[in-house]
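Q: Quick one: the structure is below, and I'll ask about it shortly.
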Amino acid sequence: MASNSKHATAGLAALVAALVAFAAQAGTLETVKQRGALVCGVSEGLGGFSDRDAAGAWSGFDVDFCRSVAAAVLDDPQKVEFVPLSTVERFDALRAGKIDVLSRNSTWTFEREAGQGILFAGIDYLDGQAFLVVRHPTITSALELGGVSVCVQDGTTTRANLADYFKANSMTFTEVIVPGPSEAIAKLESGGCDAYTTDQSALYIVRLGMKKPSEATILPDVISKEPLAPAVRADDVAWYNVVKWTLYALINAEEFGVGKATLDEALQSQKPAVRRLLGVEGDFGQNLGLTNDWARRAIRAVGNYGDIFEANLGARSRYAIPRGLNQLWEDGGILYAPPLQ
């Protein structure tokens, strides 16, 4: 009788586990499939990351990541509805279910993940906070900024970092709150503030939007770690895995030399890691609730991580931002992804 009871208990536990797994799988992933489109939260306009042209077409690093997820799930990178969000409203929109994924140059922090009911699905850009200065050509270091007025966005880790930096270095400053980069530019050019602080990558982009870029200096000091990452709600681990492993697939693809231009050739590869990535071997896609060619779809749509970076931010873009820490680990950076095995 005890033996039968054990088997019954084990069977019940297995059934409960299966039902829980099915319920999770039938969450955001099933909603996206039924809707036929991915709803992706992006910035209100940050060149290189997420921005619209005159015709309303979106482009950028964060935009391409959304397209990669849409390709992996729906086999069509165009099936994305982009929702522009301010820094203040982005996490509320995610928690409220107004978007499926947030791909909006957002910093992964303890408080945001543990305190706000969201999960960050892997670092896609390693950044750091810096300063852009105008009308002060003699200033060459952030330690010389005492007494200046600084524009900063509300609802960001940037604002807290700014206060911490000046306090730690016994300097005073005047805080000028702005809702976004365009307002910061206007303030800088009108004399409303002397400096603007945000992620260093964004400062390269902001400077290009100024009337006289040559009069603006990006100081070399980096005062924080800003690991930028896409985010999802914390109540759907199955969807979290879809988004996370799509990012990791793009990073692994670059490491393996698999991009848009080499994809067809790579399908003939006999390397086990490449064959698993492209769905030639294994059932990794099925484990995510997707077809086994999910990563292949994403790569064919937008390329690998390096393709996306260079086209939107790096050498092939107007911004020419150095990859720096965002180089692969084997090329002098610290970027790598867990293995697909």
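Q: Name every residue in segment 120-138 that is modelled with pLDDT of 95 or more and assigned to a loop (DSSP other than H, G, I, E, B), in order of residue number.
A: Answer for segment 120-138, where residues must be modelled with pLDDT of 95 or more and assigned to a loop (DSSP other than H, G, I, E, B): 121, 122, 123, 124.
Q: Right, another one. Can you tell me which residue is farthest from residue 36 (Cα to Cα) among those in segment 101-119 that are part of a loop (DSSP other than H, G, I, E, B) and out of contact with any Cys (no Cβ under 7 Å at 6 or more places or on another chain)?
A: Top of the filtered list is 109.
Q: I've got another one for you. Pick from segment 162-185 the residues that are surrounded by fewer than 20 Cβ atoms within 10 Å (Cβ to Cβ), of a type outside the set (A, V, I, L, M, F, W, C) and touching a strand residue (DSSP E or B) at 6+ places or on another chain (Cβ under 9 Å): which of them is modelled with the lowest pLDDT?
A: 180
Q: Would segment 196-210 turn up any residue that is farther than 24 Å from residue 43 by Cα and not aliphatic (A, V, I, L, M)? Walk me through it before giving the result.
A: Taking segment 196-210 as the starting set, the residues that turn out to be farther than 24 Å from residue 43 by Cα are none.
Within segment 196-210 (the criterion being farther than 24 Å from residue 43 by Cα and not aliphatic (A, V, I, L, M)), the answer is no, since none of the residues qualifies.
Q: Let me ask another. What's the total number of residues in segment 126-143 that are surrounded by fewer than 21 Cβ atoms within 10 Å (Cβ to Cβ) and within 25 Å of residue 333 (Cβ to Cβ)?
A: So the count comes out to 2.
Table: residues versus (1) touching a Ser or Thr at 6+ places or on another chain (Cβ under 6 Å); (2) on the phi < 0 side of the Ramachandran plot; (3) polar (S, T, N, Q).
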| site | (1), (2), (3) |
| --- | --- |
| 293 | no, yes, no |
| 299 | no, yes, no |
| 305 | no, yes, no |
| 313 | no, yes, no |
| 320 | no, no, no |
| 327 | no, yes, yes |
| 330 | no, yes, no |
| 333 | no, yes, no |
| 339 | no, yes, no |
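Q: Ok, one more. If residue 105 satisfies every condition in (1) within 18 Å of residue 43 (Cβ to Cβ); (2) at pLDDT 95 or above but one, which is the exception?
A: (2)
Q: Given segment 227-331, what helices (runs of 4 or more DSSP H) lie entirely inside it while holding 1 or more residues that are of a type outside the set (Ser, Thr, Tyr) and within 20 Å of the chain's Cα centre (by Cα)?
A: Those helices (runs of 4 or more DSSP H) span 237-256, 294-302, 305-312.
Q: Going by what's in this entry, would residue 65 be described as outside any loop (DSSP other than H, G, I, E, B) and either over 15 Å from the mean Cα position of the chain (by Cα) or over 22 Å from residue 251 (Cβ atoms) (or both)?
A: On the way: outside any loop (DSSP other than H, G, I, E, B): yes; either over 15 Å from the mean Cα position of the chain (by Cα) or over 22 Å from residue 251 (Cβ atoms) (or both): no.
Criteria not met by residue 65.
Q: So, one more: Within the bounds of segment 276-288, is there any residue that is under 24 Å from residue 63 (Cα atoms), at pLDDT 95 or above and surrounded by fewer than 21 Cβ atoms within 10 Å (Cβ to Cβ)?
A: So far as segment 276-288 goes, yes, one or more of its residues are under 24 Å from residue 63 (Cα atoms), at pLDDT 95 or above and surrounded by fewer than 21 Cβ atoms within 10 Å (Cβ to Cβ).
The values are calculated or read from the model by the stated rules, or taken from the named source; none is laboratory data. Every value quoted in this text rests on a predicted model; they were computed, and no experiment measured them. Glycine gets a Cβ as well: all are built from the backbone with ideal geometry, and neighbour counts include every protein chain shown.
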